[in-house]
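Data block below; observations after.
The values are calculated or read from the model by the stated rules, or taken from the named source; none is laboratory data. It should be emphasised that the depicted structure is a prediction, and the values quoted were computed from it without experimental measurement. Note: ideal-geometry Cβ built from the backbone for every residue, glycine included; neighbour counts use all protein chains shown.
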Amino acid sequence: MANAHLSPEIATQLADLYARMEAAYDDVARQLDFSCQGCPDNCCDSYFRHHTYVEWAYLWEGVNELPEERQRQLVARAEEYVEASERALAREQRPQVMCPLNDDGLCTLYAHRLMICRMHGVPSSLTRPDGQSQKFPGCFRCQELVGERADVPTVDRTGFYRELVALEVAFLGHRRHLLPKVNKTLAEMLVEGPPGLPPLP
């Protein structure tokens, strides 16, 4: 297995997708007059799991831009995160541990943060491949702001997810049938290093 690197084309397409996700998020936030400014909570301690190799590889593109000592610091933090999360899960509790990329409230790899880090906060919806609809009410602060309002604007994640799946397929090629599904925290992605993939023919 070799560490996989994104082609410049896929990296550019993923960055463009992320930018459009952010624009959709910002549009709904403006409509709701919603902001994270002054929030007593920090979403970076939410227990998010991530599910694509393409985002895993993109995250590591950001890591590799950092000095080696900084990379070691982040991996050490990630190891602590994984251990703390495992202890919480063993107690049948949902982990609430600060993300290893968080530095005084700011993301060390902000430009390379993953999809859910960009989408969490405002209300959103998703139509699954089986036609079932899912709704996400947003963070606690947004829910308090919305209250019982009926006409709540939402971000439709469906098209974004489809584009992400298409990029995953383009990145993996035939290898997608040979690999286990990704179901990892960001910290686990840091600890394990860049995704190791079998070579393309």
Go through the stretch 128-165 and report how many residues are in a helix (DSSP H, G or I), in contact with a helix residue (DSSP H, G or I) (Cβ under 9 Å, 6 or more places away or on another chain), within 30 Å of L6 (Cα to Cα) and aliphatic (A, V, I, L, M).
1
Report the residue count in the stretch 63-91 for those that are small (G, A, S) and farther than 19 Å from L114 by Cβ.
4
Quick one: S125 ticks every box in (1) touching a Lys or Arg at 6+ places or on another chain (Cβ under 6 Å); (2) under 22 Å from K181 (Cα atoms); (3) in a strand (DSSP E or B) bar one, so which box is it?
(2)
Within the stretch 163-175, considering residues that are under 20 Å from the mean Cα position of the chain (by Cα) and either more than 19 Å from H120 (Cβ to Cβ) or at pLDDT below 95 (or both), the one surrounded by the most Cβ atoms within 10 Å (Cβ to Cβ):
F171
Of the candidates A78, A84, the one satisfying the condition of being on the phi < 0 side of the Ramachandran plot, modelled with pLDDT of 95 or more, under 16 Å from the mean Cα position of the chain (by Cα) and hydrophobic (A, V, I, L, M, F, W, C) is A78
Polar (S, T, N, Q), part of a helix (DSSP H, G or I) and either modelled with pLDDT of 95 or more or surrounded by fewer than 15 Cβ atoms within 10 Å (Cβ to Cβ) (or both): does that describe Q93?
no
Selection from the stretch 30-82 of residues that are among the small types (G, A, S), in contact (Cβ under 8 Å) with a residue 40 or more places away in the chain and outside any helix (DSSP H, G or I):
S46
